[in-house]
Amino acid sequence: MTSTTPHPTPLRTLGSSGPAVSALGLGCMGMSALYGESDRAESLATIHAALDAGITLLDTGDFYGMGHNEMLIGEALRTAPAGAGERALVSVKFGALRTLDGGFSGYDGRPAAVKNFAAYSLQRLGVDHIDIYRLSRVDPDVPIEETVGAMADLVRSGHVRHIGLSEAGAASIRRAAATAPISDLQIEYSLISRSIEAEILPTLRELGIGMTAYGVLSRGLISGHWTPDRRLAANDFRSASPRFSAENLQHNLALVETLRDMADAKGVTVAQLAIAWVLSRGEDIVPLVGARTRGRLDESLGALDVSLDADELAAIEKAVPPGSAAGERYPAVQMEHLDSEK
């Protein structure tokens with residue numbers, strides 16, 4: 001397994017109005033929620049290792065563990081080696097409403113709610129500004145111009161540096177960009193999740209908006225580490241995910257085995273090959289890796305050393321063509337909340 005930890009992580013710029021960030025970002029959700037139990041000490045050590053390796057972009061949401069993830073990141077920044085925490089940029093998603101039993105009950109993009117969410121996030125993170133603040137899902141009951149207008153107010157007051165979006169469709173992206181500068185869209189993008197290529201990605205490039213790609217390993221499914229007999233906890237999101245269901249898993253893991261043959265021939269891991277493919281899609285795309293341990297982080301960083309030529313890219317796409325995965329990327333009830341899929 002190759003690793004780039006001994007030398008600096010390269011930078012990419014998020015669109016024409018966004019910041020320069022590390023070419024890989026660290027998605028911190030799984031350290032607090034939705035992937036079963038996590039180890040707090042290892043989570044903090046992993047964030048510190050990411051900062052030490054040159055990763056500057058940390059991604060979270062105020063609803064990950066109902067604030068737990070923001071407090072974890074805040075602690076990691078306070079306890080990081082001198083200078084490392086100051087170099088970090090934090091991306092925060094907001095708007096998701098939670099229930100007492102941990103479920104989701106919709107989204108709130110009203111201007112007053114935007115500022116309320118931000119106030120809580122600043123307190124939990126222990127910072128005086130949020131680097132990138134993004135609506136987690138478009139609220140169908142609130143014009144996006146009103147939501148983005150409230151975010152622009154936060155930029156003017158100095159509490160937010162840049163405005164981002166998440167899972168927004170092309171029409172909403174255009175309306176948002178006409179209201180205020182948008183740094184990037186955060187959206188799922190991987191070898192088996194490529195629907196954005198038809199309309200959303202061209203729209204971003206037309207408007208000079210970057211992209212942070214989550215789910216680049218499809219929540220571990222195409223990491224090369226998943227096994228058919230793996231048992232998931234009831235509080236693991238993947239236990240209800242269509243792509244991990246019994247009827248779809250075998251098909252999807254067969255796709256992974258075709259990738260494994262190519263990865264083995266190249267001397268890299270399946271995860272590194274899959275991340276490198278996303279990196280190859282454009283300098284305006286920053287993959288987020290959801291590593292929860294230092295070992296997985298180190299493996300992901302190795303993708304930065306993987307160069308794919310035209311023949312290799314063609315072979316990868318022949319092995320895993322668009323639309324080849326079995327199952328939707330979210331359960332039906334959650335798919336309904338995705339403006340990007342409408």
Filtering GluC sites (Glu not before Pro) in the range 151-235 by DSSP loop and by at most 14 other Cβ atoms within 10 Å leaves E199
Between V333 and A240, what is the spin-label point distance in nm, taking each point 7 Å from the Cα along the Cα→C-beta axis? 0.5 nm
Compute the separation of the alpha-carbon centres of the range 149-218 and the range 86-143 and state it in Å as a whole number. 15 Å
Checking the a/c ratio against 1.5 first, then a/b against b/c, what shape does the Cα gyration tensor give for the range 157-217? oblate
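Mind running the shape call on the range 39-164? Use the C-alpha gyration tensor, a ≥ b ≥ c as the square roots of the eigenvalues: rounded below 1.5 for a/c, prolate if a/b tops b/c, oblate otherwise.
On the way: a/c = 2.46, a/b = 1.50, b/c = 1.64.
Judged from the Cα gyration tensor, the range 39-164 comes out oblate (a/c at least 1.5, b/c at or above a/b).
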In the chain, with Lys and Arg counted as +1 and Asp and Glu as -1 at Cβ, which of these residues, V21, N69, M335, has the Cα nearest the positive end of the dipole, that is, farthest along it? N69
Give the angle, between 0 and 90 degrees and rounded to the nearest 10, that separates the Cα long axis of helix 170-179 from the longest principal axis of the Cα atoms of the chain. 40 degrees
Whenever you get a sec, compute what percent of the accessible area on the range 83-127 sits on carbon and sulfur atoms (1.4 Å probe). 55 percent
Picking from H251, H225, H48, which is most flexible by a Gaussian network model of the chain using Cα springs under 10 Å? H225
GNM top mover of S22, S223, S195 - the chain, alpha-carbon springs below 10 Å: S195
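Probe of 1.4 angstrom, ligands and nucleic acids ignored: what's the accessible area per residue over the range 210-341, in square angstrom?
Per-residue value: 43 Å².
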Give the lysines whose C-alpha is closer than 19 Å to that of K93, dropping any in the same chain fewer than 8 places away, or say none. K115
Helix 40-52: inclination vs the chain longest Cα principal axis, degrees, rounded to 10, gives 90 degrees
Restricting the range 248-342 to GluC sites (Glu not before Pro) in coil, as DSSP defines it, with at most 13 other Cβ within 10 Å: E283, E336
Local charge sum around M66 (other residues, Cβ-Cβ under 13 Å, Lys/Arg +1, Asp/Glu -1)? -1
For the range 40-85, what does the accessible surface come to per residue with a 1.4 Å probe? Please give it in Å². 32 Å²
If each of F104 and A20 carries a label point 7 Å out from its Cα toward its Cβ, how far apart are those two points in nm? 3.5 nm
Straight-line reach from K266: which lysines fall under 30 Å, measuring Cα to Cα and dropping same-chain residues less than 8 apart? K318
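Below 8 Å between Cα atoms, with a sequence gap of 6+, how large is the relative contact order for the chain in percent?
Normalised by residue count, the contact order of the chain is 23 percent.
If I compute solvent accessible area with a 1.4 Å probe over the protein chains, what percent of it on the range 265-325 is carbon and sulfur?
Values: 1180 of 2390 Å².
Percent of accessible area from carbon and sulfur atoms in the range 265-325: 49.
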Taking amide hydrogens as modeled 1.01 Å from N in the peptide plane, which residues meet the under 5 Å criterion relative to R98, leaving out close sequence neighbours? S105
Determine ³J(HN,Hα), in whole Hz, for all residues of the range 70-75 in sequence, where each value follows from phi through the Karplus function 6.51 cos²θ - 1.76 cosθ + 1.60 and θ = phi - 60°; x replaces Gly and Pro. 5, 5, 5, 5, x, 5
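The values are calculated or read from the model by the stated rules, or taken from the named source; none is laboratory data. Predicted, not measured: the structure shown is a model, and the values here were computed from it. Cβ: placed from backbone, ideal geometry, glycine included. Neighbour counts: every protein chain shown. Heavy atoms of the whole protein, side chains included, go into the accessibility calculation; ligands, DNA and RNA do not. Shrake-Rupley method; radii C 1.70, N 1.55, O 1.52, S 1.80 Å.
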